[in-house]
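S.K.: Take a look at the following structure, please.
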Amino acid sequence: MKASPLLLLALLLTICFTLATRIEPRAAAWSRRDKSNNVFSVLFGDGRRLFANQFFTMADVYFHSGYYPSIFDKSGHESEVVAESHGHTDSPEDEKNEDFLGKPKDWIDAFGRNFRITKHTHLEHGNEREILPWLRLAADMDPQMIDTYTVGAFYLREHLNRPQEAEAFLREGLRNNPDSCEILFELGRVYYESDHDPDRARNVWQLAVQKFIKLPSQTQKDDRITFEAITVNLARLEENAGHLAQAVNWFQAAQAVSLAPGVLQKQIDDIKKKMAAPPPP
Amino acid sequence: MNTIFALAGVVIKELYRRKDFYVLFVLTALITLAAGSVNFFHDAKIVRYVKDVCMLLIWVSSLLIAIVTTARQIPAERENRTIFPLLAKPVSRAQVLLGKFLGCWLATGIALLVFYAFFGVITGSREHQLPVLSYFQALWLQWMMLAIVIAMVLLGSIYFAAPSSTTTICFIVVVGILGIGGHLDSIALQQPQPFQFILYLVYFLIPHLEWFDLRDFVVYNLGVVNWLAVTLASLFAAAWAGIFLLFAWLGFRRKSLNT
């Protein structure tokens with residue numbers, strides 16, 4: 001029996017079309033990838049999280065303009081983009097520790113340094129914007145990586161004077177991590193320090209405290225620096241608003257977890273003195 | 001010398017007749033333009049990641065062009081039997097080898113010029129500045145590094161059986177040297193004897209291709225490298241290219257050309 005190739009082609013196409021109409025509705029339920037609006041989750045699925053740390057490290061590499069230890073260099077290097085967003089600045093001791101190159105080991109190493117970046121610098125004067133693509137990519141790769149949002153928002157707000165972009169980025173982080181008190185804390189800083197809106201800042205920070213209280217006790221122990229930062233900022237906000245009793249309460253809450261309770265006690269004493277002083281006539 | 005230049009001219013013509021360069025250039029341009037068109041936080045001044053991506057693509061493309069073009073030169077002449085009429089003329093085997101080397105090196109130099117011109121246009125339009133000296137140093141040292149690579153591949157093509165094996169082995173060696181060549185001393189320190197001695201020996205014996213990588217200086221706008229260091233590195237590259245070519249000639253002069 002001899003079949004016409006055209007007829008065979010028509011038959012195969014008909015079979016394909018029929019099967020497609022039957023299978024397509026079921027296939028949509030097999031995978032959630034096609035529903036994602038993120039190109040990386042479509043391409044890599046959950047495997048994309050593996051790349052997030054690498055992209056976050058790239059932000060740190062850019063922050064140092066390429067002066068960064070490789071996996072072969074001995075270093076206790078910690079991410080400085082994170083450290084700076086937490087208000088930490090390098091002391092001379094830190095600078096010494098970050099000299100991961102040390103003295104040249106031989107003539108090859110010494111000569112090779114002509115072609116390597118050997119100076120420890122940080123981005124400044126608005127050039128901090130160069131780390132943002134890597135933070136954006138890290139957030140796309142792993143939406144549950146909290147530091148990405150807080151660090152990105154810090155640089156957008158503090159160095160690039162773009163609080164709206166910072167807020168939008170933090171809101172995105174909050175949608176992906178609704179229980180994150182770090183993101184809420186950073187959002188409060190946007191409202192308080194950039195928007196000068198203490199009421200919204202107070203609401204957000206109080207929500208952050210509530211979220212923190214609901215955390216497991218071990219996580220609370222690990223994150224006590226975050227709690228201290230939230231409560232100290234709440235205390236300062238209340239002090240500036242003239243709510244001195246509430247300020248004392250927040251400082252005392254901070255004291256309970258602080259590594260330097262003495263410093264906070266001094267601030268509490270100062271506020272108490274203000275409260276005891278007779279009101280101006 | 002005219003013979004060598006004539007042979008080199010044939011290799012250059014081959015490069016622009018083949019599609020390798022065009023494909024790689026179009027890919028580099030498309031990926032760079034796609035990366036540059038992404039909007040991060042509505043900030044049009046962000047540029048370094050585009051430079052980074054473009055420079056990486058230029059490095060990968062130029063390595064591919066250099067290795068693939070060089071690996072097939074001698075084997076193709078033998079396979080097509082064009083080597084016999086060539087050697088029947090007053091052309092020595094050393095001249096064939098030098099002509100092939102010079103042709104591949106000049107061809108990759110032309111390709112590099114086109115790549116860097118594209119890079120200059122892209123970065124100039126985004127940064128509104130063109131650090132010509134810095135780009136020149138980066139291009140020059142990359143080209144000098146490619147001289148070592150081309151000579152190494154030419155040597156490989158004399159000894160290895162097929163262009164595919166030469167390409168693969170040379171690519172692994174080059175990427176290995178670029179990746180860990182400069183760190184072999186640190187790795188050696190953590191190894192027991194005799195591995196420590198062997199690693200140190202390798203460290204001092206390999207051509208340090210990583211010296212020729214000035215991408216960081218270009219991407220982070222860190223100015224120019226000491227010119228004396230650039231000159232010494234160029235001499236180092238010339239010496240290594242010479243060593244590889246000498247070994248290639250030692251193998252090629254006695255090699256049977258029948259396939």
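Bear in mind that the values in this text are calculations on the coordinates, not laboratory data. In this text the structure is predicted, and so the values were computed from the model without any measurement. Here the Cβ is made from the backbone with ideal geometry for all residues, glycine too, and neighbour counts use every protein chain on show.
S.K.: Check cross-link reach from A:LYS214 to the aspartates and glutamates: straight Cα distance under 18 Å, and skip same-chain residues fewer than eight apart.
M.R.: A:ASP179, A:GLU182, A:ASP222, A:ASP223, A:GLU228
S.K.: Could you pull out every residue, at least 5 positions away or on a different chain, whose amide H is within less than 5 Å of the one on B:VAL224? Hs are placed 1.01 Å off N in the peptide plane, and Pro or chain starts have none.
M.R.: Here the answer is none, since no amide H 5 or more places off falls under 5 Å of that of B:VAL224.
S.K.: If you don't mind, another one. Is the C-alpha gyration tensor of the range A:158-281 telling us rounded, prolate or oblate? Criteria: a/c under 1.5 is rounded; beyond that, a/b larger than b/c is prolate, otherwise oblate.
M.R.: On the way: a/c = 2.41, a/b = 1.37, b/c = 1.75.
In terms of gyration-tensor shape, oblate.
S.K.: How big is the charge dipole of the protein assembly as shown about its Cα centre, in debye rounded to the nearest 20, if each Lys and Arg gets +1 on its Cβ and each Asp and Glu gets -1 on its Cβ? Please list the in-between numbers first.
M.R.: On the way: 51 positive and 51 negative charges, 570 e Å.
Around 2740 debye, computed over the protein assembly as shown.
S.K.: Given H placed on each backbone N at 1.01 Å, which residues far from A:LYS105 in sequence or on other chains put an amide H within less than 5 Å of it?
M.R.: Residues meeting the amide H criterion: A:ALA110.
S.K.: Efficiency by 1/(1 + (r/R0)^6): what FRET value for B:ASN80 and B:VAL60, r their Cβ-Cβ distance, R0 = 25 Å, to the nearest 0.05?
M.R.: Details: r = 29 Å, r/R0 = 1.17.
Efficiency, from the Cβ-Cβ distance: 0.30.
S.K.: Whole-Hz Karplus ³J(HN,Hα) for the range B:80-85, in order, using 6.51 cos²θ - 1.76 cosθ + 1.60 and θ = phi - 60°, x for Gly and Pro?
M.R.: Listing the rounded values in order: 7, 6, 7, 5, 5, x Hz.
S.K.: Apply the membrane-span-like helix rule to chain A: whole DSSP H runs, Cα extent along the own long axis of at least 18 Å, mean Kyte-Doolittle hydropathy at least 1.0. List the helices found. Can you show the working numbers first?
M.R.: Details: long enough: A:5-30 (36 Å, 1.35); A:49-63 (22 Å, 0.51); A:163-176 (20 Å, -1.04); A:198-213 (22 Å, -0.39); A:224-241 (25 Å, 0.06); A:244-257 (21 Å, 0.65); A:261-276 (22 Å, -0.68).
Membrane-span-like by this criterion, though nothing is claimed about a membrane: A:5-30.
S.K.: Further question: Which of the aspartates and glutamates could a cross-linker span from B:LYS255 if the Cα-Cα distance has to be under 20 Å and same-chain partners fewer than 8 positions apart are dropped?
M.R.: List returned: B:GLU77, B:GLU79.
S.K.: Would you compute, from DSSP H runs of 4+ residues alone, the mean residue ellipticity of chain A at 222 nm, taking -39500 (n - 2.57) per run and dividing by the full residue count, rounded to the nearest 500?
M.R.: On the way: 15 runs with 177 residues, N = 281.
Mean residue ellipticity, 222 nm, calculated: -19500 deg cm²/dmol.
S.K.: Same structure again: Taking the dipole about the Cα centre of chain A, with the C-beta of Lys and Arg at +1 and of Asp and Glu at -1, give me whichever of A:THR150, A:LEU43, A:LEU123 is farthest to the positive side.
M.R.: A:LEU43
S.K.: How would you rank B:51-58, A:211-218, highest first, on the average number of other Cβ atoms within 10 Å across their residues? It would help to have the intermediate numbers written out before the result.
M.R.: Values: B:51-58: 21.8, A:211-218: 12.5.
Ranked from most to least packed, the peptides come out as B:51-58, A:211-218.
S.K.: While we're here: Against the longest alpha carbon principal axis of chain B, how many degrees, from 0 to 90 and to the nearest 10, is the axis of helix B:227-252 turned?
M.R.: 30
S.K.: Among rounded, prolate and oblate, which fits chain A when a ≥ b ≥ c are the square roots of the eigenvalues of its C-alpha gyration tensor, a/c under 1.5 means rounded, and a/b larger than b/c means prolate? Walk me through the numbers before you get to the answer.
M.R.: Values: a/c = 3.06, a/b = 1.53, b/c = 2.00.
Because a/c hits 1.5 or more and a/b fails to exceed b/c, chain A counts as oblate.
S.K.: If you build a Gaussian network model of chain B, linking Cα atoms that sit under 10 Å apart, which residue out of B:GLY99, B:GLY179, B:GLY109 swings the most?
M.R.: Taking springs between Cα atoms under 10 Å, the residue moving most is B:GLY179.
S.K.: Please give the helix B:132-159 orientation as an angle from the longest Cα principal axis of chain B, in degrees from 0 to 90, rounded to the nearest 10.
M.R.: 30
S.K.: Between beta-carbons, use under 10 Å as the cut-off and find the net charge around A:ALA201, counting Lys and Arg +1, Asp and Glu -1.
M.R.: Values: positive: A:ARG189, A:ARG200, A:ARG202; negative: A:GLU193, A:ASP195, A:ASP197, A:ASP199.
Local charge sum for A:ALA201: -1.
S.K.: Sticking with this one: Per DSSP H run of at least 4 residues, take -39500 (n - 2.57); add these up for chain B, divide by its residues and hand me the 222 nm value, nearest 500 deg cm²/dmol.
M.R.: Working: 12 runs with 200 residues, N = 259.
Using -39500 (n - 2.57) per qualifying helix, the result is -26000 deg cm²/dmol.
S.K.: I'd like the orientation of helix B:20-37 relative to chain B: the angle between its Cα long axis and the longest Cα principal axis, in ° from 0 to 90, rounded to 10.
M.R.: 10
S.K.: Gaussian network model of chain B, Cα springs within a sub-10 Å range: biggest mean-square fluctuation belongs to which of B:ILE31, B:ILE158, B:ILE65?
M.R.: Looking only at B:ILE31, B:ILE158, B:ILE65, the largest GNM fluctuation is found for B:ILE31.
S.K.: Can you bin chain B into rounded, prolate or oblate? Criterion: square roots of the alpha carbon gyration tensor eigenvalues sorted a ≥ b ≥ c, rounded for a/c under 1.5, prolate for a/b above b/c, oblate for the rest.
M.R.: Working: a/c = 2.06, a/b = 1.35, b/c = 1.52.
Cα axes put chain B in the oblate bin.
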